[in-house]
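Notes for the one structure printed next.
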Amino acid sequence: MLDLWYSENWSDETKFSIKVKEHIYSEQTPFQKIDFFVSNEYGRFFTLDGLIMITEKDEFSYHEMITHVPMCTNLNIKNVLVIGGGDGGTVRELTRYSSIERIDMVEIDERVVRLSQKFLPFTADKLTDGRVTLYFEDGLKFVKECKDKIYDLILVDSTDPISVGEGLFSKEFYEDCFRILKEDGILVNQHESPYYEKYATEMKKAHDKIKHIFPIAKVYQFHQPTYASGHWLFGFASKKYDPIKDCSTENWDKLGIETKYYNTEIQRACFVLPNYVKKKLEE
């Protein structure tokens, strides 16, 4: 019997592998190669250009932490922009807030969304929510053409800074995000990992750009077992709100949102970084 394994190189010397039960779909779009797999350990998972985006088993960690940390910081958020996020998990978490009135999602590759709706209903089932508008275009172009000060929150749910995701780590993009955020606006971006050198380099570059644009710029961490090293980061940037001092933990708890990863103790704790990470960010 021949065993099928999916493998991803985390560094030149390290590889992560999942035993695959079935390779259920593959497609090359004008932007990237999309694959969907089924495994016993991680359930369904999908990859872009050979890199894991989400797995059924651990996607909740990423999607809860990108969403609930900024929402707890400002529970008055009404208008949200999601850049990327084609699997729908980030939008799913946002729709759990009845106070949110508008969710615009910009995904460059429509096939990611349509295939996620077919193969990943556990993340994509809220993309048809009445508050959600889908835009299939380049996120860089979208924010450049946006009017000033229209969003309360921007979530950059992007791939790594290669191929279609590269522009979403540029100084120009972050400046446009600042411009289209309201006076108390918040930006959260996928911020890579501090552990392996190639990821840590991108982490440092992104933070250096953001901290010169936003008056409040912090980094927070979470555990994502199927991402390189399992130690992953988000960047938090704001024009006004500090995610620790200004968070409304009591009011968030009153909402009764059931989560698997996030809680209001983590809201504060996730910003406490290991010394080696702080050192890299401050270099």
Tell me the mean residue ellipticity at 222 nm calculated for the chain from its helices only (DSSP H runs of n ≥ 4, each -39500 (n - 2.57), averaged over every residue, nearest 500).
-8500 deg cm²/dmol
Hey, could you get me the Stokes-Einstein D for the range 49-115, Kirkwood radius over alpha-carbon pairs, 4 °C and 1.567 mPa s, rounded to whole µm² s⁻¹?
101 µm²/s
Heavy atoms of Ser26 accessible to a 1.4 Å probe, total area in Å² rounded to 10
60 Å²
How much accessible area per residue does the chain have, in Å², with a 1.4 Å probe?
45 Å²
Rg (Å, one decimal) plus Dmax (Å, integer) for the alpha carbons of the chain?
17.9, 61
Which three semi-axes in whole Å describe the equivalent ellipsoid of the range 120-266, each the square root of 5 times a Cα gyration tensor eigenvalue, listed largest first?
22, 21, 19
Given a 1.4 Å probe and every protein chain left where it sits, what share in percent of the accessible area of the chain is carbon and sulfur?
49 percent
What's the magnitude of the charge dipole for the range 229-283 around its Cα centre, counting Lys and Arg as +1 and Asp and Glu as -1 at the beta-carbon? Answer in Debye, nearest 20.
180 debye
If you project the alpha carbons of the range 1-142 onto the principal axes, what extent comes out on each, in Å, largest first?
55, 31, 29
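I need the fraction of alpha carbon pairs in the range 206-271 separated by more than 14 Å, rounded to a whole percent.
65 percent
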Relative contact order, percent, the chain [alpha-carbon distance under 8 Å, six or more residues apart]:
16 percent
For Lys198, counting only lysines whose alpha-carbon sits under 18 Å away and dropping same-chain residues fewer than eight positions off, the answer is Lys15, Lys209, Lys278, Lys279, Lys280
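The values are calculated or read from the model by the stated rules, or taken from the named source; none is laboratory data. Quick caveat, the model's predicted, so the values are computed rather than measured. Positions of Cβ are backbone-derived with ideal geometry, glycine not excepted, and every protein chain shown enters the neighbour counts. With ligands, DNA and RNA removed, areas are computed over all heavy atoms of the protein, side chains included. Shrake-Rupley method; radii C 1.70, N 1.55, O 1.52, S 1.80 Å.
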